[in-house]
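First comes the structure, then the notes that go with it.
The numbers here are math on the coordinates, done by the rules we state, and not lab data. From a predicted model like this one, the values you see are computed outputs, not experimental measurements. Reconstructed Cβ throughout: ideal geometry from the backbone, glycine too, with neighbour counts over all protein chains shown.
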Amino acid sequence: MEESQRNEQHQLVPATSSFASTSVDGPSTSSVSASHLVVEENQQENDESVNIEGNSGGHHHDQEQEREHPSSAVSYRLNISMSNAAANQMRDDVWSCLALLIAFWFFASLTIILGYYGSVSLELGPNCSRLVQPNPLFVQSLKAGELGKPKPGPILYGFYKPPPLDVEITWTQKHDAVVPKDFHKEWALFLNKGSKVDISYSIKSLGASPLSLVIAQGTESLIEWIDDPSYPNTTLSWNIINGSGNIQQEIPTSSSYYIAVGNFNSEEVKVELKFIVKSLIYDISQAYYSCPLSNHLCSLQLFLLGTTTAVLTSPGPAEGASDEDWYVKLSYGPRWIIYIIGSGYFNGHAYHFYSTEKENPHLYVSWHSTRRCDGCPTLVSLEIV
């Protein structure tokens with residue numbers, strides 16, 4: 001009798017319960033349809049009989065049986081159908097999420113097209129070697145052209161992969177500057193990481209007050225120095241110069257730099273400057289595309305699955321020329337197919353949700369939980385349709 005009871009398989013028959021609630025405010029009602037709970041339990045036991053009333057070793061024998069035979073898998077499944085105010089609130093929340101995602105994609109696209117990859121104007125100093133590497137997923141083409149009256153100099157190169165930054169050149173530039181009172185003069189250079197600048201200065205005005213000489217990284221740093229020339233932490237190098245001397249600086253980051261002299265005294269000052277620059281520039285020998293900007297607007301197409309890279313260069317200083325800069329405009333052509341696919345993806349989800357809601361105004365939630373054995377993690381899945 002005891003063996004037959006132990007070999008029986010027990011199965012819990014699905015239980016069904018229904019609930020209804022009636023609103024006291026009027027004829028409108030809200031109902032929750034039947035919830036179905038199905039519990040399935042399959043258990044396998046050893047065909048050999050076990051004496052549960054056994055002797056003093058029975059408990060130890062049961063523990064060995066449990067170790068030899070893992071616990072059975074237990075699966076729970078719960079289906080809930082809701083058509084009341086809670087379901088309406090959940091639908092409103094889903095609509096809000098979809099609307100938020102669509103708005104986010106729209107503004108993110110505008111930010112990428114008009115902001116991060118918007119048109120920019122660059123000032124190129126002598127021996128510029130500037131790497132331009134936009135994301136080909138969002139950018140289809142790169143266009144470059146000189147601003148103002150074109151003059152020979154800048155060239156746009158295209159590469160299948162980023163070229164090495166391993167060419168070192170040394171060049172010199174001299175400046176005889178007259179700095180008016182309460183004014184400054186600046187010279188722009190684009191220098192790559194690892195370059196070095198040696199600045200020699202000599203103030204020619206007799207009895208002149210000291211000047212301020214700085215090396216600023218980027219226009220923001222230069223503007224901050226102009227606003228507060230006495231604060232040294234806004235620039236890469238900040239110096240008070242008088243008489244003659246020398247300043248050296250190693251470049252920590254590839255960027256635009258400004259060497260500036262400020263005269264914040266009551267009279268103009270003449271100063272002689274000499275820049276000796278050891279520049280690291282990119283090797284352009286493997287370029288597959290070359291376009292001088294003085295001829296026309298240059299356009300470089302970017303491969304979607306490639307790593308197309310551009311390098312913008314300028315020649316060294318001309319003999320006897322003290323100031324020689326070029327102004328270039330860079331613009332990016334959007335890869336519209338990516339933005340169209342993204343918009344279609346979010347709009348398609350919104351339309352699918354709208355169609356499903358229109359055909360079936362009820363909201364169904366399906367919850368499924370599975371546990372393979374005792375001590376095993378419980379797997380839970382939730383589906384809203």
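Tell me which GluC sites (Glu not before Pro) from the range 226-299 have a DSSP coil assignment and no more than 15 other beta carbons within 10 Å of their own. If you can, show how the numbers build up before the last one.
On the way: sites: 250, 267, 268, 272; in loops: 267, 268.
Within the range 226-299, the qualifying GluC sites (Glu not before Pro) (loop, at most 15 other Cβ atoms within 10 Å) are 267, 268.
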What FRET efficiency comes out for residue 220 versus residue 327 if R0 is 25 angstrom and r is the Cβ-Cβ distance? Round to the nearest 0.05. 0.85
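Could you please report the charge total around residue 150, scoring K, R as +1 and D, E as -1 over all other residues with beta-carbon less than 15 angstrom from its beta-carbon? Kindly include the intermediate steps, with their values, before the conclusion.
Working: positive: 143, 149, 151, 329; negative: 146, 324, 325.
Net of charged neighbours comes to +1.
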Excluding residues fewer than 8 places away in the same chain, name every one of the lysines whose C-alpha is closer than 26 Å to that of residue 329. 143, 149, 151, 161, 185, 193
With label points built 7 Å along Cα→Cβ from the Cα atoms of residue 233 and residue 196, find their separation and express it in nm. 3.0
Say a paramagnetic label sat at a point 7 Å from the Cα of residue 248, along Cα to Cβ; which residues of the range 185-210 have their backbone N under 20 Å from it? 191-202
Would you kindly state how much longer the chain becomes between residue 167 and residue 266 on full extension, computed as 0.36 nm times their sequence separation minus their alpha carbon distance, in nm to one decimal? 31.1 nm
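When the gyration tensor of the range 120-332 is built from Cα positions, what are the square roots of 5 times its three eigenvalues, in whole Å, from largest to smallest? Can you show the working numbers first?
On the way: eigenvalues 245, 54, 52 Å².
Whole-Å semi-axes of the equivalent ellipsoid: 35, 16, 16.
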Likely footprinting exposure, 184, 296, fewest C-beta neighbours within 10 Å first: 296, 184
In the range 167-228, which trypsin sites (Lys or Arg not before Pro) are in a loop and have at most 14 other Cβ atoms within 10 Å, using DSSP for the loop call? 181, 193, 204
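With a Förster radius of 35 Å, plug the Cβ-Cβ distance of residue 178 and residue 119 into 1/(1 + (r/R0)^6) and report the FRET value to the nearest 0.05. List each step's numbers first, then the result.
On the way: r = 35 Å, r/R0 = 1.01.
Here the calculated transfer efficiency is 0.50.
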Taking the number of other C-beta atoms within 10 Å as the exposure measure, put 325, 176 in order starting with the fewest. 176, 325
